[in-house]
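Notes for the one structure printed next.
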Amino acid sequence: MKTRMQPIGNAWAKLPRLVRDLGVELGKKIELQMRGAETELDRQVLELIKDPLTHMVRNSADHGLETPEQRAAAGKPETGRILLNASHEGGHIIIEIGDDGRGLNVDRIRQKVLAQGLATEAELAAMPEREVQRFIFRAGFSTAAAVTAVSGRGVGMDVVKTNMERIGGTIEVRSKEGRGTTFVVKIPLTLAIVSALIVEAGGERFAIPQIGVVELVRVGGEGAPQLERIKDSAVLRLRDRLLPLVNLAGLLQLDSRANEDSAFVVVTQVGAHVFGIIVDRVFDTEEIVVKPVAPILRHVTMFSGNTILGDGSVIMILDPNGIARATGVGAESGEGRMSATAAAWW
């Protein structure tokens, strides 16, 4: 395991030189800051993310950062910053590539979307700004005014997105015009060994990474917390706090064999939000080897991977983030939590 896990700094080694050369070529002053270079991830994944990372750093230098004259006119320091930040969060590695440049021009993206017939004016008008920004991940989409050696060919962010999804990762963009753009890449640890809680719902066993489990609660029975209902939603009153609940068997369309009023609740934390997952039985905690989800199941966001137990059975590993998103329970609001990179200058 230790042989496979390598620091992400190995993939960043060539970036300072790249940024220096780009600065000379584009006539810009660029400072590259790297944090979390010691964060370890699987060697295979490291190889696969090298090119997408390089492309995003080139993008930040070319598209994102302005010339010293433009920065001075906008009241910014002449030297533009590109910040790379890597950290662990749950069973994932979060990599943030941010700059304090001009940000995405949403109006120009809208014009390009209309010109390419990707959406109608009415659809664009109804879209939140974040959705409009996501068009940059479409194949052949570029807002560059001219084709240069660095960009403008319309081959770029779509390839980055495809490469990230191939390894079970996701990519998001956060941008404020005039303030900068941050790309947040979330990739699984793949062959990581994690401690997980084995539970059962609807006759099937699942693993929940223990890092996201706050506590286990037995509901029903005398003196135990009780399930309550607000409209059609189940909630749990736990120490004078109401927790929204998700019935795992119901969510995965399995037949629940246990009575909901005498079940177990796995209290889980996602970011700043806490919610409960109702399961039929709780077994034990085990050290499991995480294997990536097969491409055919990538669209099912509730799973972050799978593992083979000691008895040879294959079970799915649940992703509390995905469960929160799929149900809207405890999910982050649109603007949500600000990333570490974005917070560095916003």
For this session: Would you please give the residues with an amide H less than 5 Å from that of Lys28, counting only those at least 5 places away or on a separate chain, with H modeled from the backbone geometry?
Result: none
Seminar exercise, completed: Expected vector for region 18-34, Karplus 3J(HN,Hα) from phi with 6.51, -1.76, 1.60 and θ = phi - 60°, integer Hz, x for Gly and Pro, equals 4, 5, 4, 5, 5, x, 5, 5, 9, x, 10, 9, 10, 10, 9, 10, 10
Problem set entry | Amide H contacts of Gly305 (H built 1.01 Å from N, under 5 Å, at least 5 apart or other chain) | Ile317
Exercise. Given the C-alpha centroids of region 68-91 and region 1-65, what is the distance between them in whole angstrom?
Worked result: 14 Å
For this session: With the full set of protein chains in place, find how many percent of the accessible area of region 1-130 is carbon and sulfur; take the probe as 1.4 Å.
Result: 49 percent
Exercise. If the cut-off is a Cα-Cα distance under 16 Å, which aspartates and glutamates reach Lys161, setting aside same-chain residues fewer than 8 apart in sequence?
Worked result: Glu47, Asp51, Glu96, Glu131, Glu172
Problem set entry | In sequence order, calculated HN-Hα J values of region 112-129 (Karplus, 6.51, -1.76, 1.60; Hz; x Gly/Pro) | 5, 4, 5, 4, 8, x, 7, 7, 8, 4, 5, 5, 5, 5, 7, 7, x, 4
Exercise. Can you flag which of Lys28/Lys50; Lys112/Lys186; Lys2/Lys291 are past 22 Å Cα-Cα?
Worked result: Lys28/Lys50; Lys112/Lys186
For this session: Scan around Gly203 for amide H atoms under 5 Å from its own, H built in the peptide plane at 1.01 Å from N, and keep only partners 5 or more places away or cross-chain.
Result: Arg257
Exercise. Which peptide among 231-238, 35-42 comes first, and what is the full order, when sorted by highest mean count of other Cβ atoms within 10 Å?
Worked result: 35-42, 231-238
Seminar exercise, completed: Plugging the Cβ-Cβ distance of Lys29 and Arg298 into 1/(1 + (r/R0)^6) at R0 = 51 Å yields, to the nearest 0.05, a FRET efficiency of 0.80
Exercise. Peptides 71-77, 121-127, 81-87: what's the order by average Cβ count within 10 Å, highest mean first?
Worked result: 81-87, 71-77, 121-127
For this session: Evaluate region 1-144: find the radius of gyration of its Cα atoms, find its Kirkwood radius, and give the ratio Rg to Rh.
Result: 1.03
For this session: Using θ = phi - 60° and the Karplus relation 6.51 cos²θ - 1.76 cosθ + 1.60, list the HN-Hα couplings for region 275-286 in order, rounded to whole Hz, with x at every Gly or Pro.
Result: 8, x, 10, 7, 10, 7, 9, 10, 9, 8, 9, 9
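The values are calculated or read from the model by the stated rules, or taken from the named source; none is laboratory data. Source: prediction; values computed, not measured. Here Cβ is always computed from backbone atoms with ideal geometry, including for glycine, and neighbour counts include all displayed protein chains. These accessible areas exclude ligands, DNA and RNA; they are computed on the full protein's heavy atoms, side chains included. Shrake-Rupley method; radii C 1.70, N 1.55, O 1.52, S 1.80 Å.
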